[in-house]
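Written below as structure tokens is the structure these notes are about.
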Amino acid sequence: MTTPTHTSQARHLGTDREVFLAKIRGALGAKKGRTITEPVPDVDESLVRLCQTDEDLPARFADRAQALGMQIHHAKVNELGAQIGNILEKHNCKEAVTSIAHQLLNKQVTEILRDLGTAMIDHKSTSWHDQQFDVDAGITDVDAALAETGSIIISSGAHRSRGSYLAPPLHIALVRTSQILADLIDYFDCKNDWLDEPNQSATVLISGPSKTADIEGILITGVHGPGMVHIIIIDDQSQSE
Amino acid sequence: MTVDTIHDKHDPLHPQLPYRIADSVNRAMGDVQLQQFVNAATTARDRGRVETCRDAFAERYDAVRRHAGDIKQHTLDHLDIYVEQFIDSATTAGAQVHCAASAEEARHIGIEIAKANECKLCVKSKSMVTEEIDLVSALEDSGIKTLETDLGEFIIQLDNDAPSHIVMPMIHKDRRSVARAFERELKTKYTEDPQQLTQIAREYMRHKFAQADLGISGANFLIADTGDVVLCTNEGNGGLTVSTPRLHIVYVGIEKIIPRLDHLPVFLKLLARSATSQPITVYTTILTGPKRELEIDGPKHMHIILLDNGRTDILRTDAREMLRCIRCGACLNACPVYRKVGGGHAYGAVYSGPIGAVITPLMKGLHNYPDLPHVSSLCGACFEACPVHIDIPRQLINLRRDMVTNRTMPLSGRLAYKLWAIVLKRPLLYRLASRIMALILRRMAQSNDSGWINKGPGPLGAWTAERDFPAPPSNSFRDWWNRHTGGQER
Ligand code: SF4
């Protein structure tokens, strides 16, 4: 289990926990200290699984992600520079923040941006808090991706900020084919195995550009989060064949 | 039950009690454009739900709904154990958990925390629980400026209005009212273009996110064994709410717990499909305590306020299944009555539609909401739509039963039903009575030419204040049947 990092003295306001629990017990007619005797219902895979593990996962992921409104690009490792360059140029991005946990990939992207002459914003600097809302693009890698829905999964950590994929209007996500899982079930069965760092505080599943339909049900993208999400799928599996 | 102390008499979601529905229904029925608007939006959403769910689950759809319902029902049946487990695991993850028995206590806890941390500006993401406890006005009264950041809620806040649908809060507003509110309150150039209006709101709120020192959110799910808080949003404001401010307060009802993280996909797969016909919401954020030492951003402190506020009263009764609700709004979209009156805040409470018609009287007292159990045609559409398989029609009938047995219904009503029961049990008497009734009713309908009786005499006046009664045809079904079958009664 995780350990708290900020141990501000715990002060509990409101109703005493024991009183609160006693009221719930009272409503259920249960005794203190009782245990669960009936089996906890397990997830019935035969009902809820929507993507089989033997499907062509990269193809389905690309297809679903596109259906969610994200743009898909494919790249071999050595083509990454050209792809990132194209996207940044197309959207006229002058500066970017990188938020990449994978060390090699991080080094590579840093070099690409240097070659492109894109200004790099450091999310570890003290000015990041205000700056994040002015950056043109955020470039991140992912923990995992889901073929079922086309979602990408990103956790926070020492190298990944929450703001980098939320605040800029454009998000570029780097997904390696070996990271693509079949179904939501497969991810949540062992979420911790997919974390880039243990003991992190936030994980987000992103499934499309930021959306709203609040005004007369009309779909608008980019209300708070990025209006554009580009996914570069890096094939890291076929070279080994 | 606790008495709310800060009722604003003009707040349509927290009206003066007891609440009678007639006025708001008449208002809603009088606004044809509003009705068409709400009808079109909900019908489209309902159709979308059916298509997406059938597409994903095919013939398994009903079984999946039952499965999700079973997991939630198990959790509710052992809620004492799961709440305790959640408190322990969330505490281990570094959050501070507080227990609030009532709305008043919940407001008080949040304000205490905000004051102790010297918070001045709060960004808030959409949460039904904070509406339920009327949090925002309490924060503002305590000097904490609070900004709703969900676009719909933001517009409603600017326009001093109230949400009318649990998923589409401004289903009752059109773009012109948004345009006017922005021009008036934000001093921006008048535009009716939804894209431009959204852009204006985005720019305005980004600065606020940077300045805010407090983020308040609700939660869609709590995970007992990990202490995780799960938020499902589409706009990204939920993510920003828990990214820039240094303090995060979660307000959440105890019924939001599920046992384990591996149960979550069952609900994620159903929630967005049922609510907005998306396979999953754009952002599903899973929070495990506050920011860690080495992490770059996120709140330094995280407080979770667990709310009872009448939930244990529901838990105690045979309406326990109502607490399975994941607030998807599908029952509102499917409901023919909501489609007619939902735009006019007719339910007089935060939770509207079929779900509101049941839980509002349960939480706030049947005597305070005597009309709500009747705001339904019992057609069963809500039951069919519900992703956690709640038998809402049965619960409505139970409430109607309770009204009779606990004498919430006036004596005249109870006597009328008694009499009706006597007549129904005796075929001859029934035939005679229905003939006489038909005669009287037709006479009454003729007097206003509409073919409808909208004003009954004597004690019937109260009944027809909220309903119209069709004039009976000159021939009863029984007569017709006898003529066509040669008098063979069955
Ligand atoms: S009662 Fe069922 S359909 Fe209605 S909002 Fe709750 S979960 Fe959705």
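The values are calculated or read from the model by the stated rules, or taken from the named source; none is laboratory data. Just so you know, these numbers come straight off a predicted model, no measurement behind them. Positions of Cβ are generated from backbone atoms using ideal geometry, with glycine treated the same way; all protein chains shown enter the neighbour counts.
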**Request:** Mind telling me which of the residues B:Arg202, B:Arg180 ends up being basic (Lys, Arg), more than 16 Å from the ligand (Cβ to nearest atom), over 22 Å from B:Asp11 (Cα atoms) and assigned to a helix (DSSP H, G or I)?
**Result:** B:Arg202
**Fill in**
The residue that is surrounded by the fewest Cβ atoms within 10 Å (Cβ to Cβ), considering only those in the range B:274-288 that are β-branched (Val, Ile, Thr) and not in a helix (DSSP H, G or I), is B:Ile286
**Prompt:** Of all residues in the range A:173-193 being within 14 Å of another protein chain (Cβ to nearest Cβ) and among the charged types (D, E, K, R), which is surrounded by the most Cβ atoms within 10 Å (Cβ to Cβ)?
**Reply:** A:Asp183
**Request:** Output the residues belonging to the range B:97-121 that are crowded, with 24+ Cβ neighbours inside 10 Å and over 13 Å from B:Gly253 (Cα atoms).
**Result:** B:Arg107, B:Gly110, B:Cys119
**Asked** Got a number for residues in the range B:201-215 being touching a helix residue (DSSP H, G or I) at 6+ places or on another chain (Cβ under 7 Å) and more than 9 Å from chain A (Cβ to nearest Cβ)?
**Response** 3
**Message:** Which of the numbered conditions does A:Gly208 fail, given that it passes all the others? Conditions: (1) in a loop (DSSP other than H, G, I, E, B); (2) of a type outside the set (Val, Ile, Thr); (3) surrounded by fewer than 22 Cβ atoms within 10 Å (Cβ to Cβ).
**Reply:** (3)
**Asked** What number of residues within the range B:122-172 are closer than 21 Å to B:Ala103 by Cβ and in a helix (DSSP H, G or I)?
**Response** 15
**Request:** Could you figure out which of (1) within 16 Å of the ligand (Cβ to nearest atom); (2) surrounded by fewer than 24 Cβ atoms within 10 Å (Cβ to Cβ) isn't true of B:Leu271?
**Result:** (2)
**Complete set of residues in the range B:293-309 that are over 20 Å from A:His12 (Cα atoms) and in contact (Cβ under 8 Å) with a residue 24 or more places away in the chain** = B:Asp297, B:Gly298
**Prompt:** In the range B:317-339, what residues are more than 10 Å from the ligand (Cβ to nearest atom) and away from chain A (no Cβ under 14 Å)?
**Reply:** B:Pro336, B:Val337, B:Tyr338, B:Arg339
**Prompt:** Among the helices (runs of 4 or more DSSP H) confined wholly to the range B:342-448, which include 2 or more residues that are closer than 26 Å to B:Ile21 by Cβ, away from chain A (no Cβ under 14 Å) and away from the ligand (no atom under 16 Å from the Cβ)?
**Reply:** B:392-405, B:411-424, B:427-446
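Let me confirm something: among B:Ser177, B:Ser217, which residue is under 28 Å from the mean Cα position of the chain (by Cα) and at pLDDT below 95?
Numbers: B:Ser217 fails: at pLDDT below 95.
Only one candidate qualifies: B:Ser177.
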**Request:** Select from the range B:65-121 the residues that are in a strand (DSSP E or B) and more than 7 Å from every other protein chain (Cβ to nearest Cβ) and list them in ascending order.
**Result:** B:Val97, B:Leu121
**Prompt:** Do we have any residue at all in the range A:112-126 that's farther than 22 Å from A:Gln200 by Cβ, in contact (Cβ under 8 Å) with a residue 12 or more places away in the chain and of a type in the set (D, E, K, R)?
**Reply:** yes
**Request:** Collect the residues in the range B:298-310 that are surrounded by fewer than 24 Cβ atoms within 10 Å (Cβ to Cβ) and either farther than 23 Å from B:Gly253 by Cα or among the basic types (Lys, Arg) (or both), keeping them in residue-number order.
**Result:** B:Lys300
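If you check B:Glu132 against the conditions, is it free of Cβ contacts under 8 Å to residues at least 40 places away in the same chain, crowded, with 22+ Cβ neighbours inside 10 Å and under 29 Å from B:Leu362 (Cβ atoms)?
no
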**Request:** Please find, within the range A:41-71, the residue that is nearest to the other protein chains (Cβ to nearest Cβ) out of those that are exposed (fewer than 13 other Cβ atoms within 10 Å of the Cβ) and assigned to a loop (DSSP other than H, G, I, E, B).
**Result:** A:Asp42
**Request:** Determine which single condition B:Ile171 fails, assuming it passes every other condition in (1) crowded, with 24+ Cβ neighbours inside 10 Å; (2) modelled with pLDDT under 95; (3) more than 10 Å from every other protein chain (Cβ to nearest Cβ).
**Result:** (3)
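Return the only residue of B:Leu306, B:Leu240, B:Leu294, B:Leu222 being assigned to a helix (DSSP H, G or I) and among the hydrophobic types (A, V, I, L, M, F, W, C). Steps first, answer last, please.
Details: B:Leu306 fails: assigned to a helix (DSSP H, G or I); B:Leu294 fails: assigned to a helix (DSSP H, G or I); B:Leu222 fails: assigned to a helix (DSSP H, G or I).
None of the other options fit; the residue is B:Leu240.
So, A:Thr110, is that one of a type outside the set (Gly, Ala, Ser) and surrounded by fewer than 19 Cβ atoms within 10 Å (Cβ to Cβ) or not? Outline the logic, then answer.
Working: of a type outside the set (Gly, Ala, Ser): yes; surrounded by fewer than 19 Cβ atoms within 10 Å (Cβ to Cβ): yes.
It is true that A:Thr110 is of a type outside the set (Gly, Ala, Ser) and surrounded by fewer than 19 Cβ atoms within 10 Å (Cβ to Cβ).
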